[in-house]
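The values are calculated or read from the model by the stated rules, or taken from the named source; none is laboratory data. Predicted model, so just to flag it, every value in this text is computed and none were measured. With ideal geometry, Cβ positions are generated from the backbone for all residues, glycine too; neighbour counts draw on all protein chains shown. Accessible surface is based on the protein model in full, side chains and every heavy atom, while ligands, DNA and RNA are left aside. Shrake-Rupley method; radii C 1.70, N 1.55, O 1.52, S 1.80 Å.
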Amino acid sequence: MTTILGHDSQADMLIAAARSGRMHHGWILAGPRGIGKASFARALALRLLAEAAGPAPDGEGLTVAAEHPIRKLVEADAHPDYAELYCLEKETGTARNISVDQVRGLQRLVQSAPSLSPRRIVVIDSADDLERGAANALLKTLEEPPADMLFFLVSHAPGRLLPTIRSRCRTLRFDPLDDEAMRTILRREQPDLAPAEIEALATLGEGAPGRALRYAGLDVADLDRLLRTIAADGDPGNRNRLLLAKLLSGKASRARYEAFLERVPAFIADAARQRSGPALGTALDRWEAARQLASGAIILSLDPASVAFELAGHVAALAPGQR
């Protein structure tokens with residue numbers, strides 16, 4: 001089955017619009033990175049194509065059974081009325097942009113008659129990655145779209161899209177998932193994770209399962225345990241700060257170090273929410289310092305051991321009696 005958690009109202013609204021025959025042709029699916037917008041767009045496209053071609057899928061929402069013929073075509077990249085645009089893989093890694101040639105490649109779909117049903121769908125993940133020429137080429141199609149053709153443009157920062165693209169699409173906002181949806185997705189995608197790790201990843205993800213899953217298997221729960229200990233006792237003798245510096249240095253620790261850079265400012269922010277008066281002021285000062293250090297650590301190629309030690313020092317300042 002195709003199961004998307006946490007975006008039921010968006011699914012219900014778009015499916016109802018499609019069934020009514022009055023659905024707008026272009027949609028910007030907007031919201032923070034990693035909350036499932038692209039997965040939603042693909043699942044919605046599959047459901048709409050399946051409903052249009054038949055047999056009608058069982059159930060409500062975005063569910064489409066694994067044995068449905070339309071699902072098999074889409075998963076085999078063989079559906080003649082469906083296309084996806086994304087940054088392609090190259091020998092040197094993933095391309096930075098979606099090229100104008102990729103957008104021009106949609107002309108076969110745009111200019112030919114639909115094959116399996118009246119409906120044709122294009123998913124772009126993400127529209128933020130369109131190079132300038134590609135964005136202009138897409139705009140021409142959005143200005144005069146073929147009948148029954150839908151465009152779903154995933155966007156993490158819709159304000160950066162061409163104003164003319166935004167004006168020809170409707171924007172649908174997606175919010176971060178709640179904690180229970182985060183736990184459910186993490187358990188489904190990583191069934192071997194310990195409960196403590198699930199909780200730590202759910203916190204680190206801040207409502208974005210894609211973000212949390214990037215750090216699965218890195219024992220983020222142990223990092224959280226060390227941070228809580230440091231915040232409680234101030235780490236006299238720097239024992240735990242030195243331990244973190246050791247754990248997070250070296251090439252093999254790069255992914256875990258990146259998770260730590262994201263976690264520490266959030267950890268301090270959580271502590272600040274529980275404070276008032278001078279203690280709140282201290283926490284906010286430490287949060288700002290940690291945020292600036294963490295955001296520049298990778299860009300400036302700072303020494304991971306030194307950064308980890310200094311970030312843990314900001315956490316230590318949260319302890320009772322510290323300044």
query: Taking region 141-167 only, how many residues are of a type in the set (Val, Ile, Thr) and part of a strand (DSSP E or B)?
result: 1
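Can you go through ASP233, ASP224 and tell me which one is buried (at least 17 other Cβ atoms within 10 Å of the Cβ) and among the acidic types (Asp, Glu)?
On the way: ASP233 fails: buried (at least 17 other Cβ atoms within 10 Å of the Cβ).
Exactly one of ASP233, ASP224 is buried (at least 17 other Cβ atoms within 10 Å of the Cβ) and among the acidic types (Asp, Glu), namely ASP224.
For PRO176, indicate whether it is surrounded by fewer than 13 Cβ atoms within 10 Å (Cβ to Cβ), of a type outside the set (D, E, K, R) and outside any strand (DSSP E or B).
No, not satisfied.
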- prompt: Only one residue in ALA259, ALA216 is open to solvent by less than 50 Å² (accessible area, probe 1.4 Å), within 18 Å of ALA200 (Cα to Cα) and part of a helix (DSSP H, G or I), so which one is that?
  reply: ALA259
message: I need the full set of residues from region 189-213 which are surrounded by fewer than 16 Cβ atoms within 10 Å (Cβ to Cβ) and in contact (Cβ under 8 Å) with a residue 40 or more places away in the chain, in order please.
response: none
message: Return the residues of region 29-59 that are touching a residue at least 40 places away in the same chain (Cβ under 8 Å), open to solvent by 20 Å² or more (accessible area, probe 1.4 Å) and on the phi < 0 side of the Ramachandran plot; say none if nothing qualifies.
response: PRO32, ARG33, ARG42, ALA52, ALA53
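Let me confirm something: among THR184, THR171, which residue is surrounded by fewer than 19 Cβ atoms within 10 Å (Cβ to Cβ), in contact with a strand residue (DSSP E or B) (Cβ under 7 Å, 6 or more places away or on another chain) and hydroxyl-bearing (Ser, Thr, Tyr)? I'd like the intermediate steps shown before the answer.
Details: THR184 fails: in contact with a strand residue (DSSP E or B) (Cβ under 7 Å, 6 or more places away or on another chain).
On inspection, the qualifying residue turns out to be THR171.
Which ones in region 105-137 are in a loop (DSSP other than H, G, I, E, B) and either crowded, with 16+ Cβ neighbours inside 10 Å or hydrophobic (A, V, I, L, M, F, W, C) (or both)?
LEU106, ALA113, PRO114, LEU116, SER117, ARG119, SER126, GLU131
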- request: Only residues that are open to solvent by 30 Å² or more (accessible area, probe 1.4 Å) and free of Cβ contacts under 8 Å to residues at least 24 places away in the same chain: list them for region 82-100, please.
  value: LEU88, GLU89, LYS90, GLU91, THR92, THR94
- request: Could you run through region 236-256 and say how many residues are surrounded by 17 or more Cβ atoms within 10 Å (Cβ to Cβ) and either in contact with a Phe, Trp or Tyr (Cβ under 6 Å, 6 or more places away or on another chain) or small (Gly, Ala, Ser) (or both)?
  value: 5
field: All helices (runs of 4 or more DSSP H) inside region 1-104 with 2 or more residues being of a type in the set (Asp, Glu)
entry: 8-20
